[in-house]
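Data first, discussion second: the structure below is written as structure tokens.
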Amino acid sequence: MHDPITQEIIQNSLQAAADEMFTAMRRTAMSSIIYEVLDMGTGITDGAGEIASSGAGIPSFVGVLDKAVKVIAAKFGPAPGDVFATNDPWHGGVTHLNDIVVAMPVFSDGRLIAWTATIAHHSDVGGMAPGSLSGEATEIFQEGLRLPAVRLVSGGEPIEPVFRIIEANSRMPDILRGDLWAAIASVRIGCARLEALASKYGTAVFEAAMKSFMDHGEAVARRELSRLPKGSWSLSEEQDDGAVFNVAITVDDEAFTVDLRDNPDQRPDPFNTCRDGVMIAAQMLFKSLTDPDSPANAGSFRPLRLLTRRGSVFDAQAPAALGFSYETELRIYDVVWRCLAPHMPERLGAGHFASVCGTFIGGRHPDTGRPFTIVEPQVGGWGAAPGADGNSAMFSTAHGETYTCPAEISEARNGLVVERMALNCEPGGEGRFTGGRGIVVDYRLRSEDGFVTAGFTRSRYPAWGLAGGRDGSPNYLEFFPCGGAPQRFALVSGLRTGCGDRLRIVTGNGGGLGAPELRERHLVHEDVRNGLIPPERARAVYRVS
């Protein structure tokens, strides 16, 4: 097919279908983590499982979909009306067990031509702890129910025993079932749109358009790769727990190679990730360096090469625990960024707070008696870039189009009171251009017998500055029990809480760029007026009265 107009219409229609899938799931889900925070993603693959169009949602989630579909397609002989699910990191799930992928095959003229797929975080899928995340897990069996690519719907009819098994393993079965059906509705809508598209233009034209756009994605990626500085660079960075992560990067005309083979063995805790998870981290950074403005497809990543070592923390083997895999993936994303930033200053700024800062608060709702689990990724400060201060109160690089849950929703659904939401004015991130501000959030807990689990990184080593800019500030959690001494954490699992206890979440400021003494005085005055820099800090750090 050589008609570029038809190709463009089909590609835009694929994008519209993926976005409609996203809207359908958002409007029918039962969990605020999905319908408010938008901790989800949608996408469309070709018949072989190669990503053809990325929908809205979290970039690190959209990157899972092609990997999951390939596993499902290899395992089953799909038929029209079938719907499949997986959450297992070694069977296409990639991330952790809370994140369930739902996928549906699309047929035209009796041939499999595409898949529609969604992924979302589900509040409880069983396991040793409410919320299915525990820092004490040592193997994946403790983290919840594993779905190793299973059929949920056969020929349009739900397989009820499978749903019963899933529900029986959750502390919130009605919520889980409702969210799964939202995902099924989403992929069915996408399937209907693609069937109509293939019928209108013809199956062969539809498939040729997808292939053409992937080839275009590769051409754009290679063109931008040719414009990147060429060379080999490496970096070793100590982490909060004392582990050292190592990366070696080679950029040449043919490939962008990320070598992670020289890294620690997999760990006896949930801070491991599988190889596909690290691949997604590499894909996100590569896309941001080469073609950040257009939708991703399989061609976008053809020049990317990833090297890992089986049995390492970045290529963990079963039955390793992976509950906090997202933090490890974000860590390697940030290490690669830090390695390249001095060599690509026009594309990469200083470090950001670089943690999901996932906070899990649960118990029984004091008004209804129903169990609840609030899942809160947090916003923080991004690093300064040449000519610009860092953005304040933004989600991490892995999160993309997500939002903080409105205070009114949190208070109504999750037995607590939001007492404060403010920018973090701690020292950190000073420079010619300053890092963005993190946030401070105070919760007053109302449940009599509740719990808190959290896993923050960049607590000991905050966001890094560039070119003389100062490092940012740390991510941490403070707990103020009624009548007890305050406690400070970066990692905490199953901390028991009671009515009236307070929880404070503090996310870090981004790194600064350039020496602080070079900052123009009028910019400091403006920041003081806007409340971003306290007057006493302006005097002490910038010597501005």
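The values are calculated or read from the model by the stated rules, or taken from the named source; none is laboratory data. Quantities reported herein were computed from a predicted structural model and do not represent experimental measurements. With ideal geometry, Cβ positions are generated from the backbone for all residues, glycine too; neighbour counts draw on all protein chains shown. Side chains are part of the model used for accessible areas, which takes the heavy atoms of the whole protein and leaves out ligands, DNA and RNA. Shrake-Rupley method; radii C 1.70, N 1.55, O 1.52, S 1.80 Å.
Would you check which residues across the stretch 291-346 are assigned to a loop (DSSP other than H, G, I, E, B), over 22 Å from Ala221 (Cβ atoms) and either of a type in the set (D, E, K, R) or open to solvent by 10 Å² or more (accessible area, probe 1.4 Å) (or both) and list them? Step through it out loud before you land on a result.
Step one: list which residues in the stretch 291-346 are assigned to a loop (DSSP other than H, G, I, E, B), which gives 291-297, 302-303, 308-311, 313-324, 344-346.
Within this subset, residues satisfying the condition of being over 22 Å from Ala221 (Cβ atoms) are 309-311, 313-324.
Those that are assigned to a loop (DSSP other than H, G, I, E, B), over 22 Å from Ala221 (Cβ atoms) and either of a type in the set (D, E, K, R) or open to solvent by 10 Å² or more (accessible area, probe 1.4 Å) (or both): Arg309, Arg310, Gly311, Asp315, Gln317, Ala318, Pro319.
Determine whether Thr28 is out of contact with any Cys (no Cβ under 8 Å at 6 or more places or on another chain), open to solvent by 50 Å² or more (accessible area, probe 1.4 Å) and modelled with pLDDT of 95 or more. It would help to see each step written out before you state the result.
Details: out of contact with any Cys (no Cβ under 8 Å at 6 or more places or on another chain): yes; open to solvent by 50 Å² or more (accessible area, probe 1.4 Å): yes; modelled with pLDDT of 95 or more: yes.
Criteria met by Thr28.
Which of the residues spanning the stretch 495-504 are assigned to a strand (DSSP E or B) and either among the hydroxyl-bearing types (Ser, Thr, Tyr) or crowded, with 18+ Cβ neighbours inside 10 Å (or both)?
In the first step, residues of the stretch 495-504 are kept if they are assigned to a strand (DSSP E or B); the result is 495-497, 502-504.
Across the stretch 495-504, the qualifying residues are Leu495, Thr497, Arg502, Leu503.
Before we move on, is Leu147 open to solvent by less than 30 Å² (accessible area, probe 1.4 Å), within 23 Å of the chain's Cα centre (by Cα) and under 30 Å from Ala298 (Cβ atoms)?
On the way: open to solvent by less than 30 Å² (accessible area, probe 1.4 Å): yes; within 23 Å of the chain's Cα centre (by Cα): yes; under 30 Å from Ala298 (Cβ atoms): yes.
Spelling it out, Leu147 is indeed open to solvent by less than 30 Å² (accessible area, probe 1.4 Å), within 23 Å of the chain's Cα centre (by Cα) and under 30 Å from Ala298 (Cβ atoms).
Please give the number of the condition Ile280 fails out of (1) surrounded by fewer than 17 Cβ atoms within 10 Å (Cβ to Cβ); (2) assigned to a helix (DSSP H, G or I); (3) not polar (S, T, N, Q).
Single failed check for Ile280: (1).
When residues of the stretch 418-438 are filtered for being at negative phi, touching an Asp or Glu at 6+ places or on another chain (Cβ under 7 Å) and open to solvent by less than 50 Å² (accessible area, probe 1.4 Å), how many remain?
Residues in the stretch 418-438 being at negative phi, touching an Asp or Glu at 6+ places or on another chain (Cβ under 7 Å) and open to solvent by less than 50 Å² (accessible area, probe 1.4 Å): 4 in total.
Can you tell which of Leu322, Leu340 is within 28 Å of His91 (Cβ to Cβ) and in contact (Cβ under 8 Å) with a residue 60 or more places away in the chain? Don't jump to the end; show me each part of the working.
Working: Leu340 fails: within 28 Å of His91 (Cβ to Cβ).
From the options Leu322, Leu340, the qualifying one is Leu322.
Out of all the residues in the stretch 477-500, is one or more more than 22 Å from Thr373 (Cβ to Cβ), modelled with pLDDT under 95 and touching a His at 6+ places or on another chain (Cβ under 8 Å)?
No: the stretch 477-500 contains no residue that is more than 22 Å from Thr373 (Cβ to Cβ), modelled with pLDDT under 95 and touching a His at 6+ places or on another chain (Cβ under 8 Å).
For the stretch 91-133, what are the residues that are β-branched (Val, Ile, Thr) and surrounded by fewer than 23 Cβ atoms within 10 Å (Cβ to Cβ)? Quick ask: steps written out before the conclusion?
Residues of the stretch 91-133 that are β-branched (Val, Ile, Thr), as a first pass: 94-95, 100-102, 106, 113, 116, 118-119, 125.
Correct list: Ile113 only.
For the stretch 401-413, which residues satisfy the criterion of being at pLDDT below 85 and open to solvent by less than 40 Å² (accessible area, probe 1.4 Å)?
Within the stretch 401-413, just Thr402 meets the criteria.
Applying the selection to the stretch 177-216, what residues are free of Cβ contacts under 8 Å to residues at least 12 places away in the same chain and either part of a helix (DSSP H, G or I) or open to solvent by 40 Å² or more (accessible area, probe 1.4 Å) (or both)?
Initially, the stretch 177-216 is screened for residues free of Cβ contacts under 8 Å to residues at least 12 places away in the same chain, giving 192, 196, 200, 202.
If the condition is that a residue be free of Cβ contacts under 8 Å to residues at least 12 places away in the same chain and either part of a helix (DSSP H, G or I) or open to solvent by 40 Å² or more (accessible area, probe 1.4 Å) (or both), then Ala192, Ala196, Lys200 are the ones that fit.
With the checklist (1) in a strand (DSSP E or B); (2) at negative phi; (3) open to solvent by 20 Å² or more (accessible area, probe 1.4 Å); (4) touching a residue at least 60 places away in the same chain (Cβ under 8 Å) in hand, flag the one item Glu478 doesn't pass.
(4)
Could you please find all residues in the stretch 403-421 being within 23 Å of the chain's Cα centre (by Cα) and either under 15 Å from Val37 (Cα atoms) or not aliphatic (A, V, I, L, M) (or both)?
Within the stretch 403-421, the first condition is being within 23 Å of the chain's Cα centre (by Cα), and the residues that meet it are 403-407, 409-410, 414, 421.
If the condition is that a residue be within 23 Å of the chain's Cα centre (by Cα) and either under 15 Å from Val37 (Cα atoms) or not aliphatic (A, V, I, L, M) (or both), then Tyr403, Thr404, Cys405, Pro406, Ala407, Ile409, Ser410, Asn414 are the ones that fit.
Name every residue in the stretch 40-61 that is open to solvent by 10 Å² or more (accessible area, probe 1.4 Å) and under 14 Å from Tyr326 (Cβ atoms), in order of residue number.
Pro59, Ser60, Phe61 - these are the residues of the stretch 40-61 that are open to solvent by 10 Å² or more (accessible area, probe 1.4 Å) and under 14 Å from Tyr326 (Cβ atoms).
From the list Ser392, Ser396, which residue is in contact with a strand residue (DSSP E or B) (Cβ under 9 Å, 6 or more places away or on another chain), hydroxyl-bearing (Ser, Thr, Tyr), buried (at least 24 other Cβ atoms within 10 Å of the Cβ) and part of a loop (DSSP other than H, G, I, E, B)?
Values: Ser392 fails: buried (at least 24 other Cβ atoms within 10 Å of the Cβ).
That would be Ser396, the only listed residue that is in contact with a strand residue (DSSP E or B) (Cβ under 9 Å, 6 or more places away or on another chain), hydroxyl-bearing (Ser, Thr, Tyr), buried (at least 24 other Cβ atoms within 10 Å of the Cβ) and part of a loop (DSSP other than H, G, I, E, B).
Is at least one residue of the stretch 14-23 open to solvent by 10 Å² or more (accessible area, probe 1.4 Å), assigned to a helix (DSSP H, G or I) and out of contact with any helix residue (DSSP H, G or I) (no Cβ under 9 Å at 6 or more places or on another chain)? Spell out how you get there, then give the answer.
Residues of the stretch 14-23 open to solvent by 10 Å² or more (accessible area, probe 1.4 Å): 15-16, 19-20, 22-23.
Filter again for assigned to a helix (DSSP H, G or I), leaving 15-16, 19-20, 22-23.
Narrowing the set further to residues that are out of contact with any helix residue (DSSP H, G or I) (no Cβ under 9 Å at 6 or more places or on another chain) leaves 15, 19.
Yes - at least one qualifying residue is present in the stretch 14-23.
Can Gly49 be described as under 19 Å from Pro295 (Cα atoms) and modelled with pLDDT of 95 or more?
yes
Tell me whether the stretch 505-512 contains one or more residues that are open to solvent by 10 Å² or more (accessible area, probe 1.4 Å) and in contact (Cβ under 8 Å) with a residue 60 or more places away in the chain.
Taking the stretch 505-512 first, the residues open to solvent by 10 Å² or more (accessible area, probe 1.4 Å) are none.
Within the stretch 505-512 (the criterion being open to solvent by 10 Å² or more (accessible area, probe 1.4 Å) and in contact (Cβ under 8 Å) with a residue 60 or more places away in the chain), the answer is no, since none of the residues qualifies.
Suppose we filter the stretch 439-463 for residues that are surrounded by fewer than 24 Cβ atoms within 10 Å (Cβ to Cβ) and either of a type in the set (Lys, Arg) or in a loop (DSSP other than H, G, I, E, B) (or both); how many remain?
Residues meeting the conditions: 8.
Kindly provide the set of residues from the stretch 513-531 that are at pLDDT below 80 and either open to solvent by 50 Å² or more (accessible area, probe 1.4 Å) or more than 20 Å from Ser473 (Cβ to Cβ) (or both), ordered by number.
Glu520, Arg521, His522, His525, Glu526, Arg529, Asn530, listed by residue number.
When only residues in the stretch 243-277 that are out of contact with any strand residue (DSSP E or B) (no Cβ under 7 Å at 6 or more places or on another chain) and not charged (D, E, K, R) count, which is surrounded by the most Cβ atoms within 10 Å (Cβ to Cβ)?
Of all residues in the stretch 243-277, those out of contact with any strand residue (DSSP E or B) (no Cβ under 7 Å at 6 or more places or on another chain) come to 243, 252-254, 267-277.
Those still in the list that are not charged (D, E, K, R) too: 243, 268, 270-274, 277.
Numbers: Ala243: 14, Pro268: 12, Pro270: 26, Phe271: 26, Asn272: 25, Thr273: 32, Cys274: 26, Gly277: 27.
Looking at the filtered set, the residue picked out is Thr273.
Hey, Gly362 hits all of (1) buried (at least 19 other Cβ atoms within 10 Å of the Cβ); (2) under 20 Å from the mean Cα position of the chain (by Cα); (3) outside any loop (DSSP other than H, G, I, E, B); (4) not aliphatic (A, V, I, L, M) but one; which does it fall short on?
Condition not satisfied by Gly362: (2).
Among the residues that make up the stretch 371-384, is at least one of them assigned to a helix (DSSP H, G or I) and surrounded by fewer than 24 Cβ atoms within 10 Å (Cβ to Cβ)?
Restricting attention to the stretch 371-384, the residues satisfying the condition of being assigned to a helix (DSSP H, G or I) are none.
Scanning the stretch 371-384 turns up no residue that is assigned to a helix (DSSP H, G or I) and surrounded by fewer than 24 Cβ atoms within 10 Å (Cβ to Cβ).
Test Ile184 against the criterion of being β-branched (Val, Ile, Thr) and farther than 20 Å from Ala73 by Cβ, and give yes or no.
Numbers: β-branched (Val, Ile, Thr): yes; farther than 20 Å from Ala73 by Cβ: no.
In short, no.
Which count do you get for residues in the stretch 351-380 that are among the small types (Gly, Ala, Ser) and within 15 Å of Gly438 (Cα to Cα)?
Residues of the stretch 351-380 that are among the small types (Gly, Ala, Ser), as a first pass: 351, 354-355, 358, 362-363, 369, 380.
With the extra rule that they be within 15 Å of Gly438 (Cα to Cα), the set shrinks to 351, 354-355, 358, 380.
Final tally of qualifying residues: 5.
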